[in-house]
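Some notes on the structure that comes next.
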Amino acid sequence: MTSRFYITTPIYYVNARPHIGHAYTTIACDTIARRQRMLGADTYFLTGTDEHGVHVERAALSAGQAPQQWVDEVSSAFRALWERMHLTYDDFIRTTSERHKRGVQQLWRRIRDNGYIYKGSYSGQYCVFDELYVDAVGAGAPCPECGRPTETVHEENYFFKLSEFSGKLLKLYTEQPDFIRPETRRNEVLSFVRSGLRDLSISRSTFTWGVPVPDDAGHVIYVWLDALSNYITALGYGSDDDGKFQKYWPADLHMIGKEIVRFHCVYWPAFLMAANLPLPKAIVAHGWLLFEENKMSKSRGNIVRAESILDVLGSDALRYFLLREVVFGQDGSFSFDALVQRYNADLANGLGNLASRTLTMIQRYFHGEIPYPSHAAARKPADDEIVAIAEKTIADYSTLVDQYHFSRALECAWSLVAAVNKYIVETEPWTLGEQQDEMSRSRLATILYTSAEALRIVTAMVHAVIPDATARIWAQLGLGDIKKLALRELKWGQLRLGTKLGSIEPVFPRADKMTIERMQKMEDQQRPTLATAEKSEPATQAQPAAAQRPTATPLPPPASASPDGQISIDDFAKVELRVAQVKLAEKVKGADKLLRLEVDLGTEVRQIVAGIAEAYLPETLIGRKVVVVANLAPRKLRGLESNGMIVAASPEGGKAVLCGFLEDVPLGSRLK
């Protein structure tokens, strides 16, 4: 029986045109989908666009267009880019399509009929940009997600009984620990749900750009209930004319960005539970793609178009860079310099060089046919070492990719490329090729067969990542259509002797010093037109007061302090200072000075938000031992709960300096 695999991207909000941040998620999903097909799975890959909500309506009006005209144009831009990149999606869902509207309304009716929707009224703050109801006080209070000012909303709404699902959600996360990945995102969700869930407003009545609520046309369905439903409406939920919903649901994988974890990991499973529908099997959240150390955003004017890279280096270069350079699940930096360096080092000088030198020598010395290697007794240790490396690489690469550790998987594959290139240099087959004796010819045949077979294995493994170049290498090896490869059966020794090579040509020409300038020039020419939908937004986002400080909030002065500021030993003893080790560090969205840390106290791991981003790069903190105020009451910064405080010195006019130790101190040790 053929297995099936259903994978989805988030559907992309059409407030502006696509950039490489959108491409990043879709490339990751395309890579997984291609690999699943190569493994023989009946694979269904969904992407699309999210086209409703007040933010889209305002973007359209700002551009002088009707909302439908606006979403048609921007959605077409996404689809055109995906087509140009040869992404292999099976369906492209649009939330303005009739099939989607029918499905969303059917889901609403099912949740309503099961008793989880009631009518009420909402008065409070709303973030238009994130389409998010915010627990904040006062007009213009900053959104905890993006930092922008919120708007005060007073309207009649329908509410979803989210508060009834806390226990069921916590049970889900406990019984299925891989439901949310990576672990950092799972911990965030656990913390959010444990803090208590409130009922959720799921309709709007102050604008009309959305799906009408069934039996009450004065309301439109909340954009997140609308958008999340795409994962089932695309399969025919609400109509199901061709059986896709029964065949493919539940999804094997929802791939999302970390900024929408709450919607996918709390709201979406709760909606499905309320409708008595199966839950997706896994939700994987990746980090942000940063440019100049900031998340790409139209308002910042720092986005990079995929087209500039496609025009100059091609889609394989972009795909390889994003999956190799960025540790999946963490934030990663993009720059044209890094792109070209990685392209030249790994693709041009690595895989491209291996293919060119190996196939050219086979063409020259063996008339373009895969040569017969020496019998086992005549083999040398260097030959067997390549075989051993290749066999181990096949197993390790498969394990890493299946866990979505793309960067480590590609590092593993390229270790084989490096080993074979080194093998060729050390064995010097070109010198053997000038000799005519039988022993030299036999040795030459062994070296070139070994190199060609290793090239075949690498090409097969990484085809899902760089499909265009690997398809060409496969054809040059004389192996025909790589899509017919049964990846599950890949092993050493399958390259048939005597196979006639195809036409040989370079696959990765080396990028010259003008490459970066060409891409940057293309971006500069386009930049004035990129901020279309958000041109009225301020260039800098509002920051809560806590984000302006160089360190975390200090302890309030003790109540028993004397007039001269002195405290007693009993007062000091109330402060619990403990040794901890940083396990994870990452920037907080919309806050230039904040880092989110996960620290190990020996008996538990805690999340702490600290204002030290100007003093330390996140990656430099991993493994560092620090001092933590362990009994500080929790507080929220940028929507993240901080359970403690990192102790740091704050020199006048200087950057924060973390407290540390010269000797090794056990985790959890208390400072006295």
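Observations on the structure shown:
- Residue tally, condition within 16 Å of Pro10 (Cβ to Cβ), small (Gly, Ala, Ser) and in contact with a helix residue (DSSP H, G or I) (Cβ under 7 Å, 6 or more places away or on another chain), over segment 53-112: 1
- If you check Ala475, Ala460, Ala464, Ala445 for being under 19 Å from Leu351 (Cβ atoms), surrounded by 21 or more Cβ atoms within 10 Å (Cβ to Cβ), out of contact with any Lys or Arg (no Cβ under 9 Å at 6 or more places or on another chain) and not β-branched (Val, Ile, Thr), only one passes: Ala460.
- Some residue of segment 93-107 being more than 29 Å from the chain's Cα centre (by Cα) and surrounded by 17 or more Cβ atoms within 10 Å (Cβ to Cβ): yes
- Residue satisfying all of: in segment 290-311; of a type in the set (A, V, I, L, M) and surrounded by fewer than 20 Cβ atoms within 10 Å (Cβ to Cβ); modelled with the highest pLDDT among these: Leu310
- Test: residue in segment 630-649 that is in contact with a Cys (Cβ under 6 Å, 6 or more places away or on another chain) and either within 11 Å of Ala580 (Cα to Cα) or in a loop (DSSP other than H, G, I, E, B) (or both): yes
- Within segment 200-286, helices (runs of 4 or more DSSP H) holding 2 or more residues that are over 22 Å from Asp42 (Cα atoms) and under 24 Å from the mean Cα position of the chain (by Cα): 223-228, 268-274
One line per residue, one yes/no per condition, for (1) more than 15 Å from the chain's Cα centre (by Cα); (2) of a type outside the set (Lys, Arg); (3) buried (at least 21 other Cβ atoms within 10 Å of the Cβ):
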| position | (1), (2), (3) |
| --- | --- |
| Tyr6 | yes, yes, yes |
| Thr9 | no, yes, yes |
| Tyr13 | yes, yes, yes |
| Pro18 | yes, yes, yes |
| Ala23 | no, yes, yes |
| Ile27 | no, yes, yes |
| Thr31 | no, yes, yes |
| Gln36 | yes, yes, yes |
| Gly40 | yes, yes, no |
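- Leu640 vs. criteria aliphatic (A, V, I, L, M) and loosely packed, with under 14 Cβ neighbours inside 10 Å: no
- Near pairs, Cβ below 8 angstrom, 6+ apart or cross-chain, from segment 222-234 (more than 11 Å from Thr8 (Cα to Cα)) to any residue that is assigned to a loop (DSSP other than H, G, I, E, B) and of a type in the set (Val, Ile, Thr): Tyr222/Ile202; Leu225/Ile202; Asp226/Thr95; Asp226/Val211; Ala227/Ile11; Ala227/Thr95
- For segment 499-544, the set of residues classified as under 30 Å from Ala139 (Cα atoms), in a helix (DSSP H, G or I) and either modelled with pLDDT of 50 or more or polar (S, T, N, Q) (or both) consists of Thr532 only.
- Evaluation of Gly590 against (1) closer than 19 Å to Gly332 by Cα; (2) in contact with a strand residue (DSSP E or B) (Cβ under 7 Å, 6 or more places away or on another chain); (3) of a type outside the set (A, V, I, L, M) (one fails), failing number: (2)
The values are calculated or read from the model by the stated rules, or taken from the named source; none is laboratory data. None of these values were measured; they are calculated from a predicted model. Note that we place each Cβ from the backbone using ideal geometry, even for glycine, and neighbour counts take in every protein chain shown.
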